[in-house]
1. Which members of segment 267-305 meet the condition of being part of a helix (DSSP H, G or I) and buried (at least 24 other Cβ atoms within 10 Å of the Cβ)?
2. If Val166 meets every condition in (1) at pLDDT below 95; (2) closer than 30 Å to Ala77 by Cβ; (3) not assigned by TED's automatic domain parsing to the domain that holds Arg272 apart from one, which number is that one?
3. Quick one: in segment 323-345, of everything that is among the β-branched types (Val, Ile, Thr) and not in a loop (DSSP other than H, G, I, E, B), which residue is nearest to Asn286 (Cα to Cα)?
4. Given (1) at pLDDT 95 or above; (2) over 24 Å from the mean Cα position of the chain (by Cα); (3) surrounded by 15 or more Cβ atoms within 10 Å (Cβ to Cβ), identify the lone condition not met by Glu116.
5. For His348, only one of the following conditions fails: (1) of a type outside the set (Asp, Glu); (2) over 22 Å from Phe220 (Cβ atoms); (3) part of a strand (DSSP E or B). What is its number?
6. Can you name the number of the only condition in (1) farther than 30 Å from Lys63 by Cα; (2) part of a helix (DSSP H, G or I); (3) touching a residue at least 60 places away in the same chain (Cβ under 8 Å) that Phe376 fails?
7. Any idea how many residues of segment 150-170 are surrounded by fewer than 18 Cβ atoms within 10 Å (Cβ to Cβ) and assigned to a helix (DSSP H, G or I)?
8. What pairs come out if I take residues in segment 136-150 that are modelled with pLDDT of 95 or more and pair them with residues that are outside any helix (DSSP H, G or I) and β-branched (Val, Ile, Thr) whose C-beta lies under 9 Å away, six or more apart or interchain?
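The values are calculated or read from the model by the stated rules, or taken from the named source; none is laboratory data. Predicted model, so just to flag it, every value in this text is computed and none were measured. Cβ sites come from the backbone with ideal geometry, for glycine too, and all protein chains shown count toward neighbours.
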Amino acid sequence: MIGPKSFVEAAKQAGFKLYTGVPCSYLKPFINYVIDSDDLAYVGAANEGDAVAIASGAEIAGKHAVVMFQNSGFGNAVNPITSLNAIFKIPVLVIATLRGEPGGPHDEPQHELMGEITTGLFDLMKVPWEYFPTEEGQIAGCLERALAHMTREKTPYGLVMKKDSVSEHKLQRKAAAREVPAPLPGTYAWPKDLPSRNEVLRAVQASARPTDAIVATTGFTGRELYACDDRASQLYMVGSMGCASTFGLGVAWAKPDRRVIVLDGDGAALMRLGALATLGYERPTNLVHVLLDNEVHESTGAQSTVSHSVDLAQVARACGYPRVVRAGSPADLEAILRADTNELTFVHAKIKKGVPADLPRPKVTPVEVANRFRKFLEAAR
């Protein structure tokens, strides 16, 4: 057994400053120590996949990050690990606990199968792993191996934590509750003639500042943004369903000196609606979350979402977004993005269904997109 300080302080020297994840009793002292530290950040995610996306956004912006979760939630993390980290080559350090360890201490029945397959999941995803250190002398070597792999292969590295690996640390600092802003007044009448996605994306590009980083959700949004004008400041997500906003949160945390514009979709946002609560609590002042809502999963055949029966602007407001606005036209959106703001902003923009004929796929590979996005974030001021 090691003290949480031993690992966390060694990891800090190696550059790991952000920790994000979902709690497990095995992780309790570890998480408590990070929360109590003045020079570390802990972001509690709504689910494990969101945590992977947050860490990945920070990593692509130049800050090493650690993801922590109970192995019972490993399934939630599979999508971003395989379609974000593996495809864009974004390394993060993943710590998964080993509840239901075969031959280990008695645990609840729901952990039995996952306990048997946890290490196999790492193997299936081609993520090298080792057991979390339980002796002080093992820490340095563990971190060296993790960093060597992350630097060389640009993919995640896993640590599997057994029970009683870390000694107790009682939490001293309690999370402060944030006041929920008042609901938006009245109802909003959307225009009958809604703009196309293409028109809205061109408005975003016309009003974006040279230093703005733009993250576009998977599917037609990224493809149309690329077709409008391909830029190094734009990252076109593939797969990683619902992870655009949390990825943007990680970028915004790592780069507080620049604005991050997230272009989300109604289907993607609904997949991970808990992300709105995380962003609403963290409230990065440099993030603008633009939701393009056409009420369908357009890139998979235009099947209906339920956004026609949900007021997503009010949802964002109830989740704590201090500034929530509706954009009924491209001109409205341009005005919103050209304005100087210093608070987390949610923009709800209804758009019409439809895709331009012969919409091209990006000719730049995801790795090329990620590499130039990194360079853009490093260079632009």
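1. Passing the criteria: Gly267, Ala268, Ala269, Ala275, Leu276, Leu279.
2. Tallying (1) at pLDDT below 95; (2) closer than 30 Å to Ala77 by Cβ; (3) not assigned by TED's automatic domain parsing to the domain that holds Arg272, Val166 fails exactly one: (1).
3. Per the criteria, the residue is Thr345.
4. Unmet for Glu116, out of (1) at pLDDT 95 or above; (2) over 24 Å from the mean Cα position of the chain (by Cα); (3) surrounded by 15 or more Cβ atoms within 10 Å (Cβ to Cβ): (3).
5. Of (1) of a type outside the set (Asp, Glu); (2) over 22 Å from Phe220 (Cβ atoms); (3) part of a strand (DSSP E or B), only one is false for His348: (2).
6. With (1) farther than 30 Å from Lys63 by Cα; (2) part of a helix (DSSP H, G or I); (3) touching a residue at least 60 places away in the same chain (Cβ under 8 Å) applied to Phe376, the lone miss is (1).
7. 3
8. Here the result reads Glu136/Ile2; Gln138/Ile2; Ile139/Ile2; His149/Thr155; Met150/Val92, each pair linking segment 136-150 to a residue that is outside any helix (DSSP H, G or I) and β-branched (Val, Ile, Thr).
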